[in-house]
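Asker: One structure, pasted below without further comment.
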Amino acid sequence: MTLDIIFLLLVLVVMIFLLLTEKLPVELTAFLGLVVLIVSGYLGPEEAFKGFGSSAVITMLSMFIVSGGLFHTGLADLIGSRIHALVGSREVPLIIAIMLLAGGLSTFMNNIAAATVLMPAVASMARHGRLPASRLFMPLSFGAILGGTITSVGTPPNILTVSILEERGFEPFKLFDFAPIGAVFLLLGVCYMVIVGRRYLPYRQLPK
């Protein structure tokens with residue numbers, strides 16, 4: 001094993017440790033790893049910053065900008081209060097509504113961003129319904145993940161797949177090419193959560 005390989009493995013181990021422990025912000029850890037590789041000569045300036053010119057990266061950044069706008073305008077809280085007024089405080093209708101809403105949002109925006117935007121609204125619904133927030137957060141997560149499979153922009157793997165196909169000269173997937181399979185996954189996920197998964201959701205009260 002050469003010194004170069006040992007050095008790269010050491011960098012990877014340190015980055016994995018920092019990412020798992022979150023002793024530094026995740027974005028700072030990633031940036032520092034890039035800087036170390038540039039300073040040590042393993043990457044040139046063009047190679048290091050080539051990723052920032054990728055259409056996949058730009059698409060993901062734009063999704064987070066849209067989600068930030070939805071959060072700061074109060075639209076997420078408005079949606080949460082409307083859903084609670086519509087379905088009430090019963091757990092099963094709330095789970096169905098949350099998963100479908102998260103799936104619908106993540107259809108047109110990054111699934112991680114969709115879950116982040118809806119978390120305050122879901123927490124508000126849990127308080128109004130006098131339910132542990134943990135009973136609703138997990139369905140929110142699964143709904144966002146499954147909903148992201150419906151379109152080519154809903155989840156990072158789909159975005160990267162489209163970008164790579166385009167870069168290689170192939171015809172990329174269109175926006176709703178994933179929809180026939182993704183929509184079925186979402187509906188099956190909702191059914192599973194209501195029938196089976198709900199029994200395994202944790203009861204955890206948030207600290208007051």
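The values are calculated or read from the model by the stated rules, or taken from the named source; none is laboratory data. Since we're looking at a predicted model, the values are computed, not measured. Because the Cβ atoms are built from the backbone with ideal geometry, glycine has one as well, and the counts that use them run over all protein chains shown. Protein only, heavy atoms only, side chains kept; ligands, DNA and RNA dropped before computing areas. Shrake-Rupley method; radii C 1.70, N 1.55, O 1.52, S 1.80 Å.
Asker: If R0 is 22 Å, what FRET efficiency do you get for Arg127 and Ile195 from their C-beta distance, rounded to 0.05?
Answerer: 0.25
Asker: At 0.36 nm per residue, and after removing the present C-alpha to C-alpha distance, how many nm does the segment from Val13 to Val92 gain when stretched out fully?
Answerer: Details: separation 79, 0.36 × 79 = 28.44 nm, distance 4.33 nm.
Stretched out fully, the Val13 to Val92 stretch lengthens by 24.1 nm.
Asker: Next up: Can you tell me the accessible area per residue over the chain, all protein chains present, probe 1.4 angstrom, in square angstrom?
Answerer: 62
Asker: Restricting to Cα pairs below 8 Å that are 6+ residues apart, what does the relative contact order work out to for the chain? Please round to a whole percent.
Answerer: Details: 250 pairs, mean separation 38.3, N = 208.
Reported as a whole number, the value is 18 percent.
Asker: Continuing with this model, one more query. Plugging the Kirkwood radius over Cα pairs into Stokes-Einstein for region 156-208, at a temperature of 20 °C and a viscosity of 1.002 mPa s, what D comes out in µm²/s?
Answerer: On the way: Rh = 14.3 Å.
Calculated translational D: 150 µm²/s.
Asker: Quick one: order His84, His72, His128 from most to least accessible surface, probe 1.4 Å.
Answerer: Numbers: His84 40, His72 155, His128 115 Å².
Sorted by accessible area, descending: His72, His128, His84.
Asker: Moving on to the next point. Using a Förster distance of 25 angstrom, determine the FRET efficiency expected from the C-beta separation of Phe176 and Leu75, and round it to 0.05. Before the final figure, lay out each step's value.
Answerer: Numbers: r = 24 Å, r/R0 = 0.96.
Rounded to the nearest 0.05, the efficiency is 0.55.
Asker: Convex hull over the Cα atoms of region 87-184, averaged projected area in nm²?
Answerer: So the Cα hull casts an average projection of 6.0 nm².
Asker: Same structure again: Given a 1.4 Å probe and heavy atoms of the protein chains only, how would you sort Glu171, Glu91, Glu166, largest accessible area at the top? It would help to have the intermediate numbers written out before the result.
Answerer: On the way: Glu171 140, Glu91 30, Glu166 110 Å².
From most exposed to least exposed: Glu171, Glu166, Glu91.
Asker: Classify region 85-141: rounded, prolate or oblate, from the alpha-carbon gyration tensor (a ≥ b ≥ c, eigenvalue square roots; a/c under 1.5 rounded; otherwise prolate if a/b is larger than b/c)? Present the calculation step by step, with values, prior to reporting the outcome.
Answerer: Numbers: a/c = 2.18, a/b = 1.69, b/c = 1.29.
Prolate.
Asker: Using a Förster radius of 41 Å, what is the FRET efficiency between Arg204 and Val184 based on their Cβ-Cβ separation? Nearest 0.05, please.
Answerer: Working: r = 31 Å, r/R0 = 0.76.
Efficiency at R0 = 41 Å is approximately 0.85.
Asker: Additional query: If you build a Gaussian network model of the chain, linking Cα atoms that sit under 10 Å apart, which residue out of Ala114, Ala126, Ala48 swings the most?
Answerer: Top of the fluctuation ranking is Ala48.
Asker: Return the long-range amide H neighbours of Ala133 (sequence gap of 5 or more, or a different chain), with a cut-off of under 5 Å between placed amide H atoms.
Answerer: Leu206
Asker: For the chain, find the longest principal axis of its Cα atoms and tell me its angle to the long axis of helix 3-21, 0 to 90°, nearest 10.
Answerer: 20
Asker: Using a 1.4 Å probe on the protein chains only, how many percent of the accessible area of the chain belongs to carbon and sulfur?
Answerer: Details: 9290 of 12890 Å².
Its accessible area is 72 percent carbon and sulfur atoms.
Asker: A further question on this structure: What angle, in degrees between 0 and 90 and rounded to the nearest 10, separates the Cα long axis of helix 91-108 from the longest principal axis of the Cα atoms of the chain?
Answerer: Approximately 40 degrees, to the nearest ten.
Asker: Against the longest principal axis of the chain, how steep is helix 134-147, in degrees 0 to 90 to the nearest 10, with axes from Cα atoms?
Answerer: In the chain, helix 134-147 runs at an angle near 60 degrees to the longest axis.
Asker: Pick from Gly88, Gly143, Gly104: which is most flexible by mean-square fluctuation in a GNM of the chain where alpha carbon atoms under 10 Å apart are linked?
Answerer: Gly88
Asker: Could you tell me the extents of the chain's C-alpha atoms along the three principal axes, largest first, rounded to whole Å?
Answerer: Principal-axis extents of the Cα atoms in the chain, largest first: 61, 46, 35 Å.
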